[in-house]
Amino acid sequence: MVCVLRPRLLTLAETQVTDPSFPFSVRDGLAVVTTPEEVDISNASMLREALRLAFASGQRVIVVDMSATEFCDSTCLNVLVRALGQADEAGGELRLVMGGSGLQRILTVTGVASLFRIYQTLGQALEAA
């Protein structure tokens, strides 16, 4: 006998928090991970864990709200690119929210901006088809 475990979809009211710096919630049926002002080698593992929980929630679309993030280093970029690959493999989608031009510039200069669906506001990312 084979037992298949299926992740339970979270309801709109349910929220899971990995670390207060990287809260994970479900909004409008989409998983949302919010990042702090800086994401670098010192805390990128917490982003990785928050994204792991978001994938485990069973939501097809994961939004990373980086609207308050001013800086991310290569460790953060690595976590995001790997999460994008995981979303693609699962038939899902990873969306980034970046309100400021500084963070978008980092992604552009490193050549990874074109890989992502980037939105100016969380509302836009939640409403996108």
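Run Ile41 past the list (1) loosely packed, with under 13 Cβ neighbours inside 10 Å; (2) aliphatic (A, V, I, L, M); (3) more than 13 Å from Val79 (Cα to Cα); (4) at pLDDT 95 or above and report the number of the one that doesn't hold.
For Ile41, the failing item is (3).
Return the residues of segment 83-105 that are touching a residue at least 12 places away in the same chain (Cβ under 8 Å) and either on the phi > 0 side of the Ramachandran plot or in a helix (DSSP H, G or I) (or both); say none if nothing qualifies.
Listed by number, the residues that qualify are Ala83, Leu84, Gln86, Ala87, Gly91, Gly102, Leu103, Gln104.
Can you tell me which residues in segment 51-67 are in a helix (DSSP H, G or I) and surrounded by 24 or more Cβ atoms within 10 Å (Cβ to Cβ)?
Keep residues of segment 51-67 that are in a helix (DSSP H, G or I), which gives 51-56.
Within segment 51-67, Leu51, Ala54 meet the criteria.
Are any residues in segment 106-129 in a helix (DSSP H, G or I) and either exposed (fewer than 15 other Cβ atoms within 10 Å of the Cβ) or without any contact (Cβ under 8 Å) to a residue 12 or more places away in the chain (or both), and if so, which ones?
Within segment 106-129, Thr108, Val109, Ala113, Ser114, Gly123, Gln124, Glu127 qualify.
Which condition number in (1) without any contact (Cβ under 8 Å) to a residue 40 or more places away in the chain; (2) touching a strand residue (DSSP E or B) at 6+ places or on another chain (Cβ under 6 Å); (3) over 18 Å from Pro20 (Cα atoms) is the one that Gln59 fails?
If we test Gln59 against (1) without any contact (Cβ under 8 Å) to a residue 40 or more places away in the chain; (2) touching a strand residue (DSSP E or B) at 6+ places or on another chain (Cβ under 6 Å); (3) over 18 Å from Pro20 (Cα atoms), just (1) comes out false.
Can you tell me which of Ser25, Ser21 is modelled with pLDDT under 95, part of a strand (DSSP E or B) and more than 16 Å from Leu96 (Cβ to Cβ)?
The unique qualifying residue is Ser25.
Which one of Leu103, Leu10, Leu96, Leu84 is surrounded by 13 or more Cβ atoms within 10 Å (Cβ to Cβ), at pLDDT below 95, within 18 Å of Leu126 (Cα to Cα) and not small (Gly, Ala, Ser)?
From the options Leu103, Leu10, Leu96, Leu84, the qualifying one is Leu10.
The values are calculated or read from the model by the stated rules, or taken from the named source; none is laboratory data. Here the structure is a predicted model, which means the values were calculated and not measured. All Cβ positions, glycine included, derive from the backbone under ideal geometry; neighbour counts span all protein chains shown.
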